[in-house]
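Novice: Dropping a structure here in C-alpha cells format, bear with me for questions.
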Amino acid sequence: MNTIKKYAVSAIAAISVVSAFANGVTKSKSEDIAKKIPQETQEQYNKRISWWINDRFGMFIHFGLYAAPARHEWMKKHEKLSNEEYEKYFENFNPDLFDAKEWARSAKKAGMKYCVLTSKHHEGFCLFDSKYTDYKITNTAFKRDLVKEFVEAFRAEGLKVGFYYSLIDWHHPDFTLDNCHPLWGRVKAEEFNKGRDMARYRKYMLNQVTELLTNYGKIDIVWFDFSYPGPDGKGRDDWDSAAIYSLAKKLQPHVIIDNRLDLNDVPGGTDFITPEQFNPSSWPKLNGKKYAWETCQTFSGSWGYHRDELNWKSAKQVIYSLVAAVSHGGNLIMNVGPTGRGEFDYRAKRRLDDYAKWMHANSRSIYGCTEAPEKYEAPEGTILTWNPKTKRLYIHFFYYPAGQLGIKFGKDIKYAQFLHDASEIKVALAGKGGAFCDTESGFDAHLFFPTIQPDQEIPVIECIMK
Ligand code: GLC
C-alpha cells in the first residue's frame, strides 16, 4: 500500500466509527473491510481504468422476464407480486428474434465501446446457464445461454463486455424480506423469513459470480446493484461485499467494478461512481476527491422494455448527455431494454441511429477527451471538451449562433474547423480582420459561422490550440 492509500485508510477510520452506528444498525468499519479487499497503488489503478476513461461511451442492456409485462423492470415490486404470480412470465419466455450480432452491430454503429448486460436483475432470473439455480434461461422455451452469445458477438465487434449482477434477488428461497421486496407490507416478516438463510444466499452469489467470471472469458466490467443499508434494507454486511469484491478481482484482476456494494467509504472499494438518470453539473467527487464516474441513463425512464412509456428523450437530449458527461470528465452508459422477442424497440433504434450519425462525424470530441482546462471559458450556449493528448478543444453548439460568436481564447487557437466536414471556421482576433469584437466583455476574438446550421444535431468546432 502506498502512503496516499495508507493516509486515506486512517482518515476514513475516524468517520466510520461514527457511521457504524447510524440508523441503529451496526456496519463493519471501513478500515476492517479495506484490509480484506485487494489494494493497489494510484498508478496501478490509473493504468487499469485508462481504457474505460478513454472510451467514454457504453451501452447498458436490461433484459429479463420483465420484458413480457413490458411495464418496468420493477413491476414485480410495483404490483407486489409473489413468485407464483410472476411465474407466467417465465413459462412464456421465448425471445425468438434475439440476435446477439445485431445487438453488437447497433452498439458499435452508435459509437459505443463497451456493453454491460444484466446477467441477473432483481427478479432473480438468470440469462446464463448457472449450475446453482433452475430459474434460468436454458430452462425456458428459448433454451440457449444468452450471456454466452452476447459476449461472443460483442467481442467479435471489438467491444468490451461487462455483466450487471443484481445483489437483490426477489426469487431466491433464502433472500429475506426487506423494504425493496415485492411482498413488503403484504406478508409478515417473521413468517416470510422462516427457514430463509442469507448466509446461503451469500454463498449462492459467490458461486454465480465465480461462474460469470470463469466461464465466459475476459470480462471487462462488473456492475453489482445495489445496496440500501438501514434497519429494513440491505448493505455490505448482508451481501458480504468484501468477499464479492475480492472474489471478482481475484478471478479477473483487470476488471472494473461499480460503487453499489456499499463500499464508498472503503479505500480501494470502488473503481467508479454511478450518478443515475441525470447529468452532473460538475465533476462528481468521492470522499472529497474528483473520481472516475459514469452516468447511467435510459432513453425513456424504464430500464426494462416498457411498451407504453411516452417519455422518450429527443436526439438532442441524448447527445447532450454524452457531451455533458465528457465535459466533466465522465462516461455515459445508455440503456436499451429489448422487447420480449429479443429485439431492440423501434424507438430505441431511432435514438441509436441518432447517436450513430452524430458519432460518425463527431466522435473525436468524445473519445480520449475530458474536462477542458479552466483557462478556456465556454462561450454562451456551448459545452467544451478537451483532448489533452492532441491539445484540441471542442466547442459543442446547443444553440446555433447568429453568424458570429465571441470567445475568450482566440489568441490560443492555431486553426479552427467544423469537426463534421473539416471546413475552416475563421477566427478573427480583436483589432484584426475587421471583427466587431466586444473586448469589454472579455472577448479576444470572434468565430465566423455560415448562417445556416450544418446538418448536425449538435455542430462541433474543433480548435487546434497553439
Ligand atoms: C437501479 C434500478 C435498476 C437499474 C439500475 C441501473 O438501481 O434498481 O432497475 O438496473 O438502477 O443503474
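Novice: Of the conditions (1) open to solvent by 30 Å² or more (accessible area, probe 1.4 Å); (2) aromatic (Phe, Trp, Tyr); (3) closer than 23 Å to His72 by Cβ, Trp170 clears all except one; give me its number.
Specialist: Of the numbered conditions (1) open to solvent by 30 Å² or more (accessible area, probe 1.4 Å); (2) aromatic (Phe, Trp, Tyr); (3) closer than 23 Å to His72 by Cβ, the odd one out for Trp170 is (1).
Novice: Can you report the number of residues in region 410-458 which are among the β-branched types (Val, Ile, Thr) and farther than 19 Å from Lys391 by Cβ?
Specialist: Residues meeting the conditions: 4.
Novice: Name the residues in region 274-332 that are aromatic (Phe, Trp, Tyr), closer than 30 Å to Tyr89 by Cα and away from the ligand (no atom under 16 Å from the Cβ), would you?
Specialist: Trp312 - this is the single residue of region 274-332 that is aromatic (Phe, Trp, Tyr), closer than 30 Å to Tyr89 by Cα and away from the ligand (no atom under 16 Å from the Cβ).
Novice: Residues in region 283-312 that are open to solvent by less than 70 Å² (accessible area, probe 1.4 Å), more than 18 Å from Pro338 (Cβ to Cβ) and assigned to a loop (DSSP other than H, G, I, E, B): how many?
Specialist: Qualifying residue count, region 283-312: 5.
Novice: Same structure again: Inspect all residues belonging to region 224-232 and state whether any of them is over 15 Å from the mean Cα position of the chain (by Cα), within 13 Å of the ligand (Cβ to nearest atom) and either of a type outside the set (Gly, Ala, Ser) or open to solvent by 20 Å² or more (accessible area, probe 1.4 Å) (or both).
Specialist: Looking for residues that are over 15 Å from the mean Cα position of the chain (by Cα), within 13 Å of the ligand (Cβ to nearest atom) and either of a type outside the set (Gly, Ala, Ser) or open to solvent by 20 Å² or more (accessible area, probe 1.4 Å) (or both), one finds at least one in region 224-232, hence yes.
Novice: I would also like to ask the following. When both residues are 6+ apart or on different chains and their Cβ atoms are under 6 Å apart, which pairs have a first residue that lies in region 118-131 and is free of Cβ contacts under 8 Å to residues at least 24 places away in the same chain, and a second that is open to solvent by 10 Å² or more (accessible area, probe 1.4 Å) and more than 14 Å from the ligand (Cβ to nearest atom)?
Specialist: Correct list of pairs: Asp129/Thr138; Asp129/Asp145.
Novice: Among (1) under 30 Å from Lys76 (Cα atoms); (2) more than 15 Å from the chain's Cα centre (by Cα); (3) in a helix (DSSP H, G or I); (4) not charged (D, E, K, R), which single condition is Ser321 missing?
Specialist: The failed condition is (2).
Residue by residue, here is whether (1) surrounded by fewer than 16 Cβ atoms within 10 Å (Cβ to Cβ); (2) farther than 14 Å from Phe448 by Cα; (3) of a type in the set (Gly, Ala, Ser); (4) touching a residue at least 12 places away in the same chain (Cβ under 8 Å) holds:
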residue: Leu352; (1), (2), (3), (4): no, yes, no, yes
residue: Thr370; (1), (2), (3), (4): no, yes, no, yes
residue: Glu377; (1), (2), (3), (4): yes, yes, no, yes
residue: Leu405; (1), (2), (3), (4): no, no, no, yes
residue: Leu429; (1), (2), (3), (4): yes, no, no, yes
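Results for (1) in contact (Cβ under 8 Å) with a residue 60 or more places away in the chain; (2) within 16 Å of the ligand (Cβ to nearest atom), shown as yes or no for each residue.
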site: Thr138; (1), (2): no, no
site: Ala141; (1), (2): no, no
site: Leu146; (1), (2): yes, no
site: Val151; (1), (2): yes, no
site: Ala156; (1), (2): no, no
site: Tyr164; (1), (2): yes, yes
site: Asp169; (1), (2): no, yes
site: Asp174; (1), (2): no, no
site: Cys180; (1), (2): yes, yes
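Novice: What is the one condition in (1) within 16 Å of the ligand (Cβ to nearest atom); (2) under 19 Å from the mean Cα position of the chain (by Cα) that Cys126 does not satisfy?
Specialist: Evaluating Cys126 over (1) within 16 Å of the ligand (Cβ to nearest atom); (2) under 19 Å from the mean Cα position of the chain (by Cα) leaves (2) as the failure.
Novice: Restricted to region 448-466, and to residues that are touching a residue at least 60 places away in the same chain (Cβ under 8 Å) and not in a loop (DSSP other than H, G, I, E, B), which residue is farthest from Asp354 (Cα to Cα)?
Specialist: Once the filter is applied, the top-ranked residue is Met465.
Novice: Still on this structure, please answer the following. Taking the residues in region 252-267 that are of a type in the set (A, V, I, L, M) and farther than 19 Å from Lys47 by Cβ as candidates, determine which candidate is surrounded by the most Cβ atoms within 10 Å (Cβ to Cβ).
Specialist: My answer is Val266.
Novice: Does region 407-415 include one or more residues that are open to solvent by less than 30 Å² (accessible area, probe 1.4 Å) and touching a helix residue (DSSP H, G or I) at 6+ places or on another chain (Cβ under 9 Å)?
Specialist: Checked against the condition, which is being open to solvent by less than 30 Å² (accessible area, probe 1.4 Å) and touching a helix residue (DSSP H, G or I) at 6+ places or on another chain (Cβ under 9 Å), region 407-415 yields no hits at all.
Novice: Another question about this same structure. Test Ala324 against the stated conditions and say whether it is modelled with pLDDT of 95 or more, touching a helix residue (DSSP H, G or I) at 6+ places or on another chain (Cβ under 6 Å) and either open to solvent by 50 Å² or more (accessible area, probe 1.4 Å) or over 29 Å from Ser30 (Cα atoms) (or both).
Specialist: In short, no.
Novice: For region 448-466, enumerate the residues that are closer than 20 Å to Pro373 by Cα and not acidic (Asp, Glu).
Specialist: Val460, Ile461, Cys463, Ile464, Met465, Lys466
Novice: Can you tell me which residue in region 299-329 is nearest to Trp51 (Cα to Cα), limited to those that are among the polar types (S, T, N, Q) and without any contact (Cβ under 8 Å) to a residue 40 or more places away in the chain?
Specialist: Gln317
Novice: On to the next question. What are the pairs with Cβ atoms under 7 angstrom where one residue, in region 37-52, is within 21 Å of Cys369 (Cα to Cα) and the other, located anywhere, is of a type in the set (Asp, Glu)? Sequence gap at least six, or different chains.
Specialist: Qualifying pairs under 7 Å: Ile49/Asp271.
Novice: Cβ-Cβ below 6 Å, separation at least six or inter-chain, first residue in region 70-84 and under 10 Å from His181 (Cα atoms), second assigned to a helix (DSSP H, G or I): which pairs?
Specialist: Lys76/Tyr86
Novice: Can you tell me which residues in region 218-264 are out of contact with any Gly (no Cβ under 7 Å at 6 or more places or on another chain) and on the phi > 0 side of the Ramachandran plot?
Specialist: Once the filter is applied, which keeps residues that are out of contact with any Gly (no Cβ under 7 Å at 6 or more places or on another chain) and on the phi > 0 side of the Ramachandran plot, region 218-264 yields Gly230, Asp240.
Novice: When Val209 is evaluated against the numbered criteria (1) under 19 Å from Ser28 (Cα atoms); (2) under 20 Å from the mean Cα position of the chain (by Cα); (3) more than 14 Å from the ligand (Cβ to nearest atom), which criterion, by number, is the only one it fails?
Specialist: So the condition that Val209 fails would be (1).
Novice: Now for a different question. Which ranges mark the helices (runs of 4 or more DSSP H) fully within region 28-123 that have 1 or more residues being more than 16 Å from the ligand (Cβ to nearest atom), within 30 Å of Leu322 (Cβ to Cβ) and open to solvent by less than 20 Å² (accessible area, probe 1.4 Å)?
Specialist: Per the criteria, 42-55, 100-109.
Novice: Okay, next question. Hey, does region 359-367 have a residue that's assigned to a loop (DSSP other than H, G, I, E, B) and either in contact (Cβ under 8 Å) with a residue 24 or more places away in the chain or surrounded by fewer than 24 Cβ atoms within 10 Å (Cβ to Cβ) (or both)?
Specialist: Yes.
The values are calculated or read from the model by the stated rules, or taken from the named source; none is laboratory data. If you're wondering where the values come from, they're calculated on a predicted model, not measured in any experiment. Methodologically, a virtual Cβ is constructed for each residue, glycine included, from the backbone with ideal geometry; neighbour enumeration extends over all protein chains shown. Just the protein is used for accessible areas: all its heavy atoms, side chains included, with ligands, DNA and RNA removed. Shrake-Rupley method; radii C 1.70, N 1.55, O 1.52, S 1.80 Å.
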